[in-house]
1. Would you check if T198 is touching a residue at least 12 places away in the same chain (Cβ under 8 Å) and in a loop (DSSP other than H, G, I, E, B)?
2. Answer yes or no as to whether I209 is over 22 Å from D130 (Cβ atoms), β-branched (V, I, T) and touching a helix residue (DSSP H, G or I) at 6+ places or on another chain (Cβ under 7 Å).
3. Filter region 123-153 down to residues that are assigned to a helix (DSSP H, G or I), within 19 Å of the chain's Cα centre (by Cα) and of a type in the set (A, V, I, L, M, F, W, C) and give me whichever is nearest to F62 (Cα to Cα).
4. In region 276-301, how many are in contact with a Gly (Cβ under 8 Å, 6 or more places away or on another chain) and buried (at least 24 other Cβ atoms within 10 Å of the Cβ)?
5. Just to be sure, is L378 touching a Gly at 6+ places or on another chain (Cβ under 9 Å), hydrophobic (A, V, I, L, M, F, W, C) and surrounded by fewer than 20 Cβ atoms within 10 Å (Cβ to Cβ)?
6. How many residues does region 122-167 hold that are surrounded by 24 or more Cβ atoms within 10 Å (Cβ to Cβ) and either without any contact (Cβ under 8 Å) to a residue 40 or more places away in the chain or at positive phi (or both)?
7. Just need a number here: residues in region 159-194 that are of a type in the set (S, T, Y) and not in a loop (DSSP other than H, G, I, E, B).
8. Pick from region 237-274 the residues that are surrounded by 15 or more Cβ atoms within 10 Å (Cβ to Cβ) and more than 22 Å from the chain's Cα centre (by Cα): which of them is farthest from V32 (Cα to Cα)?
Amino acid sequence: MTIDNISKRISLFALTWPILVETFLRLLFGSVDTFMLSGYSDKAVAAVGAANQYVFFVIILFQVVASGSGIVVSQYLGAKKYKNALDVVLVSVFLNLLLGILISGVLFLFTGSILGLMSFEQDVMNYAVDFLTIVGSFCFIQALTSTITANLRSYGYMKHPMFINMGANLLNVIGNYILITGRFGLPALGVRGVAISTVGSQLVALILIFIVMIKNLNVNFSIKHILSIGKEKLLAILMEIYKIGGPSAGEMLSYNTSQIVITGIITKYMGTLALASRFYVFNLMLYIMLFSLAIGQATQILVGHMVGAGKIEEAYKTCIRSLKICIIISFSIAIVFALFSENLLSLFTNDKEILSMGRILFFIAIFLEPGRAFNIVLGNSLKGTGDAKFTLYLGVISMWGIAVLVTLILGAYFGLGLIGVWIAFASDEWVRGIIMLKRWRSKAWQSKAIVKSKDDEKTPSLAMH
């Protein structure tokens, strides 16, 4: 399959299912990771969870380049500007490598000071420092992997990242089994073992995915080639990446910060039981969200190609078709989860109050999840067109003005507890979703494209997988 025929010969399904499988397994192995560590120490679980908040923040910084370059590459490929697309790949990889090395150095030198901002008891602090020092010192690996993966997906290489990440996750679990408590004559390393296993599996994944990139994209990965691009063009590429990646990362940061504030409200006004209920239900709901996230990312790639090719009407219809599919799937799965909510929750807890509250929250989720489908599919499509600033501004206003504020009013002030919180979540998702639908229908986004279609370059023949 040639690049020229991506939008015609790769279906939404072909793009969606590898992302879905990869994300599902990442969640699943993450749960297994926590379960394995819980057998070692509850304090260790708390420490790794706290340290991972910093890791996740760093990943958001890397997403500025990764998500931005992926969308820019999609538009260049749609416009048949293949050399420009390869230049973006090269620049984005080098840029995140430099950023990754810088942040790795900071975390290696200042982990203790950074974690000292939180009031941990000494045992938890020691575990957290052990974990973040090791994982943080090698976070440049995640910077490179996320960037290469995003670019490969834009070229249509979906299965390679999926299989590589599947293997890496499995390797991580095996490493945990061997290193946490000590197997086959090796010492019991506990949290340090988890960190070493994490970094080791990530390094293997990076090496494999780098080989895939070199082999299939024919990238001339050298500093000499970077310099040959020229200062003006290099700056232009950086601006193109930031124009998309900056707002996208800002939206992610706003969402996660607002969720931390909402967790604080739950802790202060609703108590530990409510906090536990929120944790169990929300983590199970992530599996409902998987479909929306996968379809949203796949649609973003398709829309990016179509907008780059100047196929505005085709891009418009593709998004609407994806939205309809996503609404039906998320609504159906939410009903199943609601009907079997007690069975699902009983896998983690036998507390009757949590089971009862969880059942109510899952039934509210039947209304919430279709709204999230609107938000995710339309939001990703708008970013795919280059209209990322709109989603950022709308997200910040809605997340804080609706999700956080309504949580405080209904959940805390009026005493509705988690029911008020879930109503706040649903209101936020639906308001953003409806406004994004109006934005999509207006087609105001067609003027935001970074790349204009131009059939001025020869079409290379690259197999698409």
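1. no
2. For I209, the condition - over 22 Å from D130 (Cβ atoms), β-branched (V, I, T) and touching a helix residue (DSSP H, G or I) at 6+ places or on another chain (Cβ under 7 Å) - is met.
3. Our first condition is that a residue be assigned to a helix (DSSP H, G or I); within region 123-153, this holds for 123-137, 140-153.
Next cut, within 19 Å of the chain's Cα centre (by Cα) only: 135-136, 140-153.
Okay, now just the ones that are also of a type in the set (A, V, I, L, M, F, W, C), so 135, 140-141, 143-144, 148, 150, 152.
Details: V135: 15, F140: 9, I141: 11, A143: 5, L144: 9, I148: 12, A150: 11, L152: 16 Å.
My answer is A143.
4. Matching residues across region 276-301 total 6.
5. Criteria not met by L378.
6. 1
7. Here is the first cut: in region 159-194, the ones of a type in the set (S, T, Y) are 177, 181.
With not in a loop (DSSP other than H, G, I, E, B) added as a condition, the list becomes 177.
Matching residues across region 159-194 total 1.
8. Result: I237.
The values are calculated or read from the model by the stated rules, or taken from the named source; none is laboratory data. In this text, all values refer to a predicted model and were calculated from it rather than measured experimentally. Quick reminder, even Gly has a Cβ in these numbers, built from the backbone with ideal geometry, and neighbours come from all protein chains shown.
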